[in-house]
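Working notes for the structure below.
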Amino acid sequence: MQLLLLRESRFKDVARSGNIRPDGKLVVAGDDSGLVQIFDINSRAILRTLDSHKQPVHVSKFSALSPTQILTCSDDTTAKVWDIPSQASICTFFDHNDYVRTGQFSTSCPNVVLTGSYDGTVRLFDTRTAACEMVMGGNLHANAPVEQVLMLPSGPIIRVWDMVAGGRCLRAISNHQKTVTALTLNANASRLLTGGLDHMVKVYDVGSYEVVHTMRYPAPVLCLAISPDETHIVGGMSDGTLSVRRRQPKKSEENIGTLGSGDLLLLGEQLAGIGQGRLKDKSKPKAKGDPNELVVEQRRRRRLKDYDRLLKTFKYSAALDAVLRKGVTPT
């Protein structure tokens, strides 16, 4: 209803592609005359008017990472990135040769824009260079119109590209069963670690890209990091758990191919509920297992007697029978 009201009272033609800024304060929309307007969502006052496009504007979107910028895509074959305060175009992309009907900002890099056109191509632009950095589609789409583009997290395949060779794909690695969510290198870049939603962390030899070590985690892995001295690996998981694996470095080891299996599991919000639990260094004489391991120890709860357990469940007759058994203290 709000966009319909804006169309009838503020636009010269049919209004399209209304988009609300993530903070909920502004709304932007374009129309079939090429006009783009930004409104205050509460007062509906027109704050900015952008009239550079000459044909219908089918895309007008705020940047999630740079809230003062918007992207517009038009049937005049151009896509523009605008600066809201100055009401000026930061850059204009002319590479498409047909209607540009879809586009979006990258959710991880504020300078990257992805667009799709009726010329059958999907193009990746960089606002820092105002140039097209990558072209996808074309013959693969049979030159069919592209109606919608969407950037998704990486899938289960890791691709290694050679930028010096002009973006040539050197290797495609598919050892994970689900989406790969984390990538990191060790200090001398001889090992690549990858984490995924399949609960696995895999260690690759960068020279051959062969898996040299695999670690299983109790939940999907979302992020990874390695300490500069390569003695600790930190992994964050989707259930709020932080896992720190550490090993005692050896002089003969020059890489992290033989990682220890010690875990420090910090259960985030659940850590406060451990009660008497505490971090204990297992290198003490009473400990068993890896002497370099840190664990979260929880004191065992006192086990209830049979009659106490039955009384808690209101089974009085059974509780009396339990008390009268041999070996039970009369009191």
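Quick look at the values:
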item: Strands (runs of 3 or more DSSP E) (entirely within the stretch 17-59) containing at least 3 residues that are open to solvent by 40 Å² or more (accessible area, probe 1.4 Å); result: 46-50
item: Residues of the stretch 167-204 that turn out to be free of Cβ contacts under 8 Å to residues at least 40 places away in the same chain, in a strand (DSSP E or B) and either within 19 Å of H232 (Cα to Cα) or touching a helix residue (DSSP H, G or I) at 6+ places or on another chain (Cβ under 8 Å) (or both), as a count; result: 6
item: Test: residue in the stretch 227-243 that is modelled with pLDDT of 90 or more and of a type in the set (D, E, K, R); result: no
item: Extreme residue, farthest from A182 (Cα to Cα), among residues of the stretch 215-248 that are in a strand (DSSP E or B) and not aliphatic (A, V, I, L, M); result: R246
item: Members of the stretch 153-175 that are touching a Ser or Thr at 6+ places or on another chain (Cβ under 7 Å) and either open to solvent by 40 Å² or more (accessible area, probe 1.4 Å) or at pLDDT 80 or above (or both); result: P153, S154, P156, I157
item: Filter pass, T107 being under 30 Å from the mean Cα position of the chain (by Cα), at pLDDT below 90 and open to solvent by 50 Å² or more (accessible area, probe 1.4 Å); result: yes
item: So A88, is it open to solvent by 30 Å² or more (accessible area, probe 1.4 Å), out of contact with any Gly (no Cβ under 8 Å at 6 or more places or on another chain), on the phi > 0 side of the Ramachandran plot and hydrophobic (A, V, I, L, M, F, W, C); result: no
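To keep it simple, each residue is scored yes or no on (1) more than 15 Å from the chain's Cα centre (by Cα); (2) touching a residue at least 24 places away in the same chain (Cβ under 8 Å); (3) open to solvent by less than 20 Å² (accessible area, probe 1.4 Å).
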residue: V206; (1), (2), (3): yes, no, no
residue: V212; (1), (2), (3): yes, yes, no
residue: P220; (1), (2), (3): no, yes, no
residue: C223; (1), (2), (3): no, yes, no
residue: I226; (1), (2), (3): yes, yes, no
residue: I233; (1), (2), (3): yes, yes, yes
residue: T241; (1), (2), (3): yes, yes, yes
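The rows are residues; the columns are (1) part of a strand (DSSP E or B); (2) surrounded by 19 or more Cβ atoms within 10 Å (Cβ to Cβ); (3) out of contact with any helix residue (DSSP H, G or I) (no Cβ under 9 Å at 6 or more places or on another chain).
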| site | (1), (2), (3) |
| --- | --- |
| L65 | no, no, yes |
| W82 | yes, yes, yes |
| T102 | yes, yes, yes |
| V135 | yes, no, yes |
| E147 | no, no, yes |
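The values are calculated or read from the model by the stated rules, or taken from the named source; none is laboratory data. Just so you know, these numbers come straight off a predicted model, no measurement behind them. Cβ coordinates were reconstructed from backbone atoms using ideal geometry, including for glycine residues, and neighbour counts include every protein chain displayed. Note: areas computed on protein heavy atoms with side chains; ligands, DNA, RNA excluded. Shrake-Rupley method; radii C 1.70, N 1.55, O 1.52, S 1.80 Å.
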